[in-house]
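The values are calculated or read from the model by the stated rules, or taken from the named source; none is laboratory data. As the structure is a prediction and not an experimental result, all values here were calculated from the model. Positions of Cβ are generated from backbone atoms using ideal geometry, with glycine treated the same way; all protein chains shown enter the neighbour counts. Surface accessibility is based on the protein's heavy atoms, side chains included, excluding ligands, DNA and RNA. Shrake-Rupley method; radii C 1.70, N 1.55, O 1.52, S 1.80 Å.
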Amino acid sequence: MRRGARVIALGLLAATGTLVNVSVEDVAGADPQGPTAPPRALLVAEDRRANTREEAAPILAALHDGSPALVRRAVLALGRLEDPQFVTDIKSVLAHASAAVRAEAVHALAHSTGGDPGLLLPVLRERLAHERDTEVRRVILETIGRLPYQTPAERTSVEPLLARPLAGDTAPPGERLGAAEGLENLIRGARGTIFVPDRTTLDALRRVVRPSGRPTHSAGSARLRRLALAALNAAGAIDQLHRHALADADEQVRRLAIAGVGRDGVAADLRAAVVDQGLADASAMVRYEALRVHGRHLASESCAAELGALSDPNIHVATLAIDLLGGACPARPEATQALVRLVRGIEDRGRVPESRIARAAHALVSLAGRDASRARSALGAFVTHTAWRIRIAAATAAVILMDGATLERLASDPHDNVREAAIDGVAKVRGHDADGLFLAALERPAYQVVMAAARALARAPQPERAVPVLLKTLAALTAQARDTSRDPRAALLTRLEEMGATAGADALRPYLADRDPHIAALAARVLTTWTGEKHEAATTRVTPFQVPPQEELDHLPAGMRVLMAGGRSFDVAFDTWDSTLTVWRIARLARQGYYDGLTFHRVVPNFVIQGGSPGANEYVGDGPFMRDECGPRSNLRGSIGVSTRGRDTGDAQVYVNLVDNERLDHHYPVFGEVVRGMAVVDAMTDEDVIAKIELLPSIRMSGAHRGEGD
């Protein structure tokens, strides 16, 4: 049975947090077998980034459809075009009968106007004065807070509007949530300016964190407290409230309380009390944050916390403790002895478990900073280890030890990630004396290695020697015709621009018509710099993606199960209505076995895990680039999105949020959420291997990532 009604409903939920004024039956119409994706023509226009009304005709036509779901989806598409010529069209639905459409129109206006406060604020204030739906008001308040204000006076002018719903308990939960979102955005965005929130605003935020009555423990109320505490942290308003927040039932609130006392200028006794309590917390998330703050502010007095955390049952807490011992308590021999014991774990590879080996890698780097002699004596076993991550640890330690010979050896390692780390190290230790090595590295043009070599060649004393090699490597990467080669090619062009070589101008002119408009623009800039004559890029638009047939889009899976090699797994529910092409791409690759055997190569505790690269790095993924299907779904804990390195650069690598990361909202495409197995995600290390991804015909979203209140 096709799941059209359910998936369209999820699209509405993503925008508003609830099915506002629209039932599932209303959305799907009389046909319970309704589509799971928008019309293909709309998707084609959106994916091509239509820049004329003729090209956008399928989207504009959908604005007048009888289905609220399709109208909302059309508004979302217009916002994604980020083109001010469609502002009038978006404004035309601000009074639509469907609250979901009105909410999406607010988001779309922010994107289409570039967030210009002068253009948007009058419209948003007027809409807020007439809007009665709680969830639409939430979106308006959140949007007002995240506009890119240029002066403190602009922020001060909207602060009372955002603080008012938090001043008492009469505003609906959804509106209070929007106010807290808006204030957190407003205050965080003011860092580095002279804007200071009003005392009444800070008091209102404090009352949210510690309400006078008994706090509820729903997802909405916990998120409200997190936002309020995050806003207080951004404002530097750290006091005894943070100590009280450690009793909160929500682990993320407790983590934020500890993060707050990690700021500079906090009273030493308050920081020590909060950190001590956090170190004993039942949640690894909280213990990790407490240890991080301890290492930064308190370890110079005593590293007992770091030594104790070496035996923490959570691998991330334990490895953080190892890392901190590299710089903490320099006079304590116990720290050095502990690191020496851990480093010895690398020697007996046949019997030592992988977890011990990983800890040994961290320990070597820390030992290099504490006892160079002992680190040097252990280095050989790491340099020759079969695991490339261990050899990266050797390269990192060799930099600390200023061991150029070891770094040069590792610069020819069979694994490109090791070569990158070693080349960066050689650049620090040898400088331009090793330019021959950097140029030789370009002969085997792995993306991250090219970027490392290009960095190392900055201000090279013999540019005439480097330019021909840089041009040759640029040509080799271009011949691959892969979108994902953008970053290394851009690095080469940047270095060529610096070196200047009018004799190479003829070799660069073809790049004015490169298939990638970003590279074409860079080539034009380099040629202008070299010749002194203005050059223009011939390519200005990205080559369109081939959108699959409607029948294929209408049968997208509802989710996926990620099966790890150790037998653990977690389930993800997809949002096929707002993220149609993202889901299609991920599902197609999963069917082909693309993800089998890959890892979550980037694991950043209390932030994200990221995976899906055959090279286990940021730069090697599946081409071509994906267009960003950014939408209203928030980067809350458990949400899953597409990793990018700039607009529209997704290469099928994905990330899972380990905590609420709302600062990523509207910048990274979120296409689903983990609905089972979040503990598996929390425990993930970069050694864990994806055995297989199974696609699921049906799965239920939890609702925790759509921003609803109580």
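Residue-wise test of (1) in contact (Cβ under 8 Å) with a residue 60 or more places away in the chain; (2) farther than 20 Å from ASN635 by Cα; (3) in a helix (DSSP H, G or I).
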residue: ILE144; (1), (2), (3): no, no, yes
residue: GLU159; (1), (2), (3): no, yes, yes
residue: GLY182; (1), (2), (3): no, no, yes
residue: ALA237; (1), (2), (3): no, yes, no
residue: ARG243; (1), (2), (3): no, yes, yes
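Identify, please: which residue in region 414-452 is among the acidic types (Asp, Glu) and farther than 26 Å from ASP371 by Cα and is, among those, surrounded by the most Cβ atoms within 10 Å (Cβ to Cβ)? First the steps, then the outcome.
Filtering region 414-452 down to residues among the acidic types (Asp, Glu) leaves 416, 420, 424, 433, 435, 443.
Remaining after also requiring farther than 26 Å from ASP371 by Cα: 416, 433, 435, 443.
Numbers: ASP416: 22, ASP433: 10, ASP435: 19, GLU443: 12.
Step by step, filter region 414-452, then rank; the result is ASP416.
For region 652-676, which residues satisfy the criterion of being not hydrophobic (A, V, I, L, M, F, W, C) and not in a strand (DSSP E or B)?
Selection gives GLN653, ASP660, ASN661, GLU662, ARG663, ASP665, HIS666, HIS667, TYR668, PRO669.
Under the condition of being in contact with a Phe, Trp or Tyr (Cβ under 7 Å, 6 or more places away or on another chain) and closer than 30 Å to LEU291 by Cβ, which residue from region 563-616 is surrounded by the most Cβ atoms within 10 Å (Cβ to Cβ)?
GLY612
Filter region 280-312 down to the residues that are open to solvent by 50 Å² or more (accessible area, probe 1.4 Å) and of a type outside the set (D, E, K, R) and list them by number.
ALA280, ALA282, SER300, ALA304, SER311 - these are the residues of region 280-312 that are open to solvent by 50 Å² or more (accessible area, probe 1.4 Å) and of a type outside the set (D, E, K, R).
Is at least one residue of region 188-201 out of contact with any Asp or Glu (no Cβ under 9 Å at 6 or more places or on another chain) and under 30 Å from ALA99 (Cα atoms)?
Among the residues of region 188-201, at least one is out of contact with any Asp or Glu (no Cβ under 9 Å at 6 or more places or on another chain) and under 30 Å from ALA99 (Cα atoms), which makes the answer yes.
If you check PRO669, PRO697, which single one turns out to be of a type outside the set (D, E, K, R) and open to solvent by 40 Å² or more (accessible area, probe 1.4 Å)?
Checking each option against the conditions leaves just PRO697.
Please go through region 318-336 and give me each residue that is without any contact (Cβ under 8 Å) to a residue 60 or more places away in the chain and either under 26 Å from TRP388 (Cα atoms) or in contact with a His (Cβ under 8 Å, 6 or more places away or on another chain) (or both), ordered by number.
Across region 318-336, the qualifying residues are ALA318, THR319, ALA321, ILE322, ASP323, LEU324, LEU325, GLY326, GLY327, THR336.
Can you give me the number of residues within region 617-649 that are open to solvent by less than 20 Å² (accessible area, probe 1.4 Å) and closer than 24 Å to ILE315 by Cα?
Final tally of qualifying residues: 5.
Given (1) charged (D, E, K, R); (2) at pLDDT 50 or above; (3) assigned to a loop (DSSP other than H, G, I, E, B), where does ASP31 come up short, assuming only one miss?
(2)
Going by the conditions given, is PRO544 modelled with pLDDT under 95, more than 23 Å from the chain's Cα centre (by Cα) and under 23 Å from PHE625 (Cα atoms)?
yes
Looking at region 125-158 only, could you name the residues that are out of contact with any Phe, Trp or Tyr (no Cβ under 8 Å at 6 or more places or on another chain), open to solvent by 40 Å² or more (accessible area, probe 1.4 Å) and closer than 13 Å to LEU183 by Cβ?
ARG146
Among the residues of region 421-443, count how many are within 30 Å of the chain's Cα centre (by Cα) and more than 20 Å from ARG459 (Cβ to Cβ).
Adding up the residues that qualify gives 2.
Residue by residue, here is whether (1) without any contact (Cβ under 8 Å) to a residue 40 or more places away in the chain; (2) more than 15 Å from TYR619 (Cα to Cα); (3) in a helix (DSSP H, G or I) holds:
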site: ALA452; (1), (2), (3): yes, no, yes
site: PRO461; (1), (2), (3): yes, yes, no
site: ARG465; (1), (2), (3): yes, yes, yes
site: ALA475; (1), (2), (3): yes, yes, yes
site: ARG486; (1), (2), (3): no, no, yes
site: ARG489; (1), (2), (3): yes, no, yes
site: ARG495; (1), (2), (3): no, yes, yes
site: GLY504; (1), (2), (3): yes, yes, yes
